[in-house]
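Shown next, in structure tokens, is the structure this report addresses.
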Amino acid sequence: MNIKNNIRVALMALAALMATEPLTSCSDEPDSENFYTFTGEMMSDYLKNRDEFSEFAKIVERANLMDLLSTYGQYTCFAPSNEAVDSFLLSRGLTSVDELSDPDCDTIARTHLIANLYSTYEMSVDRIPTPNMLGRYLATSQGVDNDSNAVVYIEGLAHIIFEKVMENGNIIHQNDSVENGIVQPVNMVIEKSNSYVNDILRDNKNISIFYEALVKTGVREQIALVEDPDYNKNDYPKYYYKSHTWNEVGWVPDTKKYGFTAFVEPDSIYRKIFSEGYHDGELSITDIDTTKGELYAMYDLACKIYDPVYPDDANKPEHSFDSLTCDVNPLKRFVQYHIMTRYVAGTSDLSALITDEMKEPFGQDSKLINPIEWFQTLLPHTMLKVEMLTMNKNEQGQDCRGDDAAYVGRHFINRRYAAPEYIFRGSLVDNTIETENIHDALNGHYFYVDNLVVFSKSVQDKVQNMRIRMDFSTIFPEVMTQGIRQKGNYKVDDSNTTPDDSNEPKNGKNYYFPLGYLDGVTFTNCYVVMRRPHSGFWSWQGDEWNLFGDYDFTFRIPPVPKSGNYQLRLGFCAIETRGVMQAYFDGIPQGIPLDMMKYLDSELYLGDRFEFDETLAKYNAHDDEEKAEEQKLLRNLSAYRDGRSQYHFAPGSKTKDYFLGNNRTYRRILYQGYIDATKDHYVRFRVASDGKQGNNNEFMLDFFEMVPSSVYAIDADGAMEDDL
């Protein structure tokens, strides 16, 4: 045993506990110094050769998984000691593992196994990034054991054993390494709830006010879906394709699950608001009617918040307290806006993957901007703005963080610090893992927040009145719900000659989506592919979407916050293997076709009038007037450079190559005009290539922007839309 190494790991775990900035999780090639080494011993041998895990070894055998653990791969096993298994059996009135059924053994074993490598050092966020073999995520938190050792808690109860001397003299300790993985001994059998998200909300007595409103408005039934029973992945073969120079293979997702994520205020927050009032910038509510009970007080509060947003509905009969289940009822709208139509297992999923090299969300320079994501809610035609706090400055470069300095790396909902009239703190998302209340269910998850989550007039007019930029993997909720967003080893490129088409490819999977899988999407004559992330590809957040074939692809765009004039933009990378596309908005063709082989320095756009380099030195050499002139010229050609905050990096590198300085990465205006925020709208992409151009008419979708005229309609001399 290496005692010095053991102490080193403990100190690293303690450092993770005290860190103020988020750390990355999961590396396919972890530092060998973090682990103990038993050369030649497989995980199956480890369990069989140690009496202290004999009970769990029986469970693994009964689950027919011991052979799997004897093969080469990458596994993390949370191995409960015999004492932990005995306590688990006793709590169920059992005396022996033999009394467990085979399905019970399968559930227990798969709960404790993850097909990836994780040391305690990599468990610094609130969930392990890879699901266990039941497809469930394990929540993690940091603390100390009875001997004051820094340890990681799993699901708030079981903790990884730092070190323990067994009766037979053997010593077990965290981060034990074997040839095919890591063993993390735990002091309890880990259990996951098989309840639905509406049931775990019911069982938490600290959120009874919100739950009563959830029931009385009928929203409880809206979050009861779990999985499409008619979907069968075996109906769809692997798809072999070529993207640029890479020969790859795509799989369909394993399942088609439905998921929901709620942001819930505890009762204490509501009761404080009922007595002291609510303030959110311009809105100040001090006269909440509490004489008819707390549910009515919530209804009265919802009226005062939502009637200014939906003034035409205020006098409708369905607006009344007697019609809480009606779609125009303000309390129903209030509850619906708290719930996203996707499954998010931990706060780390509210942003893009944090990379090892940059220690910030993938491809987003957090020294320039706070990383922002947008997610649709159950309230029709609305989204939540979720912002990860990283900057010391607001959008004008002024110091604004103040009391929020302690929340670096934390997430806020509907936060905006843009100018004096745009100061809105929003709601802080709580990443606490509780022991007494379950937060994760089969079909969803919920987080506490410290302030009301509302789509108020201030949120509509000011907080969300900005450029909305969304990676295509966040536009479609199914991607996050299935747990396949940004999965795979971004540091390693696959062979560009022979794709790894094994059932479990070493570096991760690319996916394609059958017709009907993605809500709001229709297409003909094509494959819709999502490529796994690569740090070295010119793809924002590492991943990208491709269409192949004689495509005719239509998707429902995300909702805009209010009616008005907008630009819709597509971000992509021009490459010679791609084709030509005609865009439509609500069935009407828009502009000339987009040729994805044309670079920004082609004669179609800038020619040689402006130079490009990925360090931005040549761009920054221009003064503001020259930059504005170039932007105006491009805008007249329906194009923009990509944002200055967007970048990629070579695998293992800490050098950022910025999209704004690349002549191939730019945004094309798809539509400019009026958008009604109360209706669904659709963008259509139809192939316009001459024959099977490039790689079967290869078409790239990287990210999508919806930009209000308050941002893009810059008329002053020398003025320009910000280049972030």
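The values are calculated or read from the model by the stated rules, or taken from the named source; none is laboratory data. Just so we're clear, the structure is a prediction, and the values are computed from it rather than from any experiment. Quick reminder, even Gly has a Cβ in these numbers, built from the backbone with ideal geometry, and neighbours come from all protein chains shown. Ligands, DNA and RNA are excluded from the accessible area calculation, which covers all protein heavy atoms including side chains. Shrake-Rupley method; radii C 1.70, N 1.55, O 1.52, S 1.80 Å.
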Those residues of the stretch 312-325 which are buried (at least 17 other Cβ atoms within 10 Å of the Cβ) and assigned to a loop (DSSP other than H, G, I, E, B), in sequence order: L324
Of all residues making up the stretch 208-217, the number that are open to solvent by less than 20 Å² (accessible area, probe 1.4 Å) and of a type outside the set (S, T, Y): 4
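Test of understanding: among E614, E603, which residue is more than 21 Å from A713 (Cα to Cα), modelled with pLDDT under 95 and under 32 Å from the mean Cα position of the chain (by Cα)?
Every option except E614 fails the conditions.
So which of T325, T255, T286 ends up being out of contact with any Leu (no Cβ under 9 Å at 6 or more places or on another chain) and modelled with pLDDT under 95?
Checking each option against the conditions leaves just T286.
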Selection count where residues are closer than 21 Å to N194 by Cα, in a loop (DSSP other than H, G, I, E, B) and in contact with a strand residue (DSSP E or B) (Cβ under 6 Å, 6 or more places away or on another chain), scope the stretch 129-156: 5
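May I ask you to list the residues in the stretch 188-207 that are open to solvent by 60 Å² or more (accessible area, probe 1.4 Å) and in a loop (DSSP other than H, G, I, E, B)?
M188, E191, N194, Y196
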The one condition in (1) over 22 Å from S427 (Cβ atoms); (2) β-branched (V, I, T); (3) over 17 Å from the mean Cα position of the chain (by Cα) that I369 fails to fulfil: (1)
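The rows are residues; the columns are (1) modelled with pLDDT under 95; (2) open to solvent by less than 20 Å² (accessible area, probe 1.4 Å).
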| residue | (1), (2) |
| --- | --- |
| I305 | no, yes |
| Y310 | no, no |
| N329 | no, yes |
| F334 | no, yes |
| T341 | no, no |
| T355 | yes, yes |
Condition met for I438 (aliphatic (A, V, I, L, M) and either out of contact with any Ser or Thr (no Cβ under 8 Å at 6 or more places or on another chain) or under 22 Å from A406 (Cβ atoms) (or both)): no
Checklist (1) open to solvent by less than 60 Å² (accessible area, probe 1.4 Å); (2) under 17 Å from A57 (Cβ atoms) applied to L117, failing item: (2)
Residue check for F263: modelled with pLDDT of 95 or more, hydrophobic (A, V, I, L, M, F, W, C) and assigned to a strand (DSSP E or B): yes
Members of the stretch 165-181 found to be within 27 Å of Q142 (Cβ to Cβ), modelled with pLDDT under 85 and open to solvent by less than 50 Å² (accessible area, probe 1.4 Å), listed by number: M166
Residue in the stretch 692-706 that is surrounded by fewer than 19 Cβ atoms within 10 Å (Cβ to Cβ), free of Cβ contacts under 8 Å to residues at least 40 places away in the same chain and over 30 Å from the mean Cα position of the chain (by Cα) present: yes
Residue under evaluation M66, criteria (1) part of a loop (DSSP other than H, G, I, E, B); (2) within 30 Å of A352 (Cα to Cα); (3) open to solvent by less than 50 Å² (accessible area, probe 1.4 Å), criterion not met: (2)
Enumeration of residues in the stretch 506-535 that are open to solvent by 10 Å² or more (accessible area, probe 1.4 Å), closer than 20 Å to N247 by Cβ and of a type in the set (A, V, I, L, M, F, W, C): C526
From the options D494, D450, D461, D500, residue that is over 16 Å from the mean Cα position of the chain (by Cα), closer than 20 Å to Q376 by Cα, surrounded by fewer than 22 Cβ atoms within 10 Å (Cβ to Cβ) and among the acidic types (D, E): D461
Filter result (out of contact with any Pro (no Cβ under 6 Å at 6 or more places or on another chain), hydroxyl-bearing (S, T, Y) and crowded, with 22+ Cβ neighbours inside 10 Å) within the stretch 536-575: S539, Y551
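Here is a yes/no grid of residues against (1) in contact with a helix residue (DSSP H, G or I) (Cβ under 9 Å, 6 or more places away or on another chain); (2) at pLDDT 95 or above:
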residue	(1), (2)
S638	no, yes
L660	yes, yes
V683	no, yes
Q693	no, no
I714	yes, no
D717	yes, no
M720	yes, no
Total residues in the stretch 388-430, condition of a type in the set (A, V, I, L, M, F, W, C), modelled with pLDDT of 65 or more and assigned to a loop (DSSP other than H, G, I, E, B): 4
Residue in the stretch 614-629 that is surrounded by fewer than 19 Cβ atoms within 10 Å (Cβ to Cβ) and of a type in the set (F, W, Y) present: no
Among residues of the stretch 248-260, those that are outside any loop (DSSP other than H, G, I, E, B) and either without any contact (Cβ under 8 Å) to a residue 60 or more places away in the chain or open to solvent by less than 50 Å² (accessible area, probe 1.4 Å) (or both), counted: 5
